[in-house]
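Since the structure comes first, as structure tokens, the remarks are kept for the end.
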């Protein structure tokens, strides 16, 4: 008799969960990326091929990575930085043409280090005309942790982008989750601010950047397994997913993460 890992997890009360983690490729080589995708594809909501690394790497290698994700059923999105540069340089159409030709499914938009000069409807219309979805990142990269007033403004901004057709909203945390977004200068999560985004948009629409272990655990401890996380490093996907399912020793202590004890 052979028992599968999936059957065993069900037997100890671990539920089947929809993919809710968007990992971050900061410039891995194609072989490394493909290996991670083969191991974890079913756990990935969408792969962010991030920064502008894919633009300066060997083009064949970048195309190979996008094609590998498609082959394994994983959608791909670009990071927000190249979008901001394209808009600032007056080359949005060229950027969108490139993203579509590379095979990306989605682009990330934002104004983390520039000022947006285009209306959401304009950007989403141009992207949609090329078969590209849009997600929008909320927050500035260089202005520190959010204030209550900042959260108010970002919620209104998020509503405008969703109203124009964006499919997800991403809450900024950079690569440190310290002194930025919903994290204070000591790296502590401001749960009140995070809840305001969740209440405004729902956990199915808002995605929180969680680039390091403490930020990942903080969001999962607070919201439970339904919370969507992004900017997780590829090599940390499995740790995040065992935590999400209550299979990590620290997670098992939290009632909202620990699997319910099977009956019978």
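Read-outs throughout are calculated quantities, based only on the coordinates presented, and are distinct from any laboratory measurement. Because the structure is predicted, anything quoted here is derived from the model rather than measured. Every residue, glycine among them, receives a Cβ derived from its backbone with ideal geometry; neighbour counts consider all protein chains shown.
General observations
- This ranking places 214, 22, 45 by how few other beta-carbon atoms lie within 10 Å of each, fewest first, which gives 214, 45, 22.
- Potential lengthening of the chain between residue 199 and residue 118 amounts to 26.4 nm, from the contour at 0.36 nm per residue minus the alpha-carbon distance.
- Counting only DSSP beta bridges with both residues in the chain, the antiparallel share comes to about 5 percent.
- Computed over segment 1-53, relative contact order equals 43 percent, with contacts defined as Cα pairs under 8 Å that lie 6+ residues apart.
- Multiplying the residue separation of residue 29 and residue 63 by 0.36 nm and removing their Cα-Cα distance gives an extension gain of 11.1 nm.
- Here the calculated FRET efficiency for residue 185 and residue 7, from their Cβ-Cβ distance with R0 = 41 Å, stands at 0.35, rounded to the nearest 0.05.
- Cα centroids of segment 38-62 and segment 204-233: 20 Å apart.
- When you restrict to C-alpha pairs under 8 Å that are six or more residues apart and normalise by the size of the chain, the relative contact order lands at 18 percent.
- Stretch gain in nm, segment residue 39-residue 16, where the contour uses 0.36 nm per residue and the Cα spacing is subtracted: 6.6 nm
- Note on 3, 107, 46: ascending count of other Cβ atoms within 10 Å places them as 3, 46, 107, the fewest first.
- Between residue 238 and residue 75, the FRET efficiency from the beta-carbon distance, with R0 = 22 Å, is close to 0.65.
- Per-residue ellipticity at 222 nm computed for the chain from its helices equals -12500 deg cm²/dmol, with DSSP H segments shorter than 4 residues left out and the rest contributing -39,500 (n - 2.57).
- Using a Gaussian network model of the chain in which every pair of alpha carbons under 10 angstrom is joined by a spring, one finds that among 205, 117, 77 the greatest mean-square fluctuation is at 117.
- Highest-fluctuation residue, 206, 170, 87 considered, GNM on the chain with Cα pairs under 10 Å: 87
- Among [x] 1.29; [y] 1.02; [z] 0.92, the entry derived from the coordinates for Cα Rg over 2.2 N^0.38 Å: [y]
- Helix 191-201 and the longest principal axis of the Cα set of the chain meet at an angle near 70°.
- Among 71, 159, 126, the largest mean-square fluctuation in a Gaussian network model of the chain (Cα springs under 10 Å) belongs to 71.
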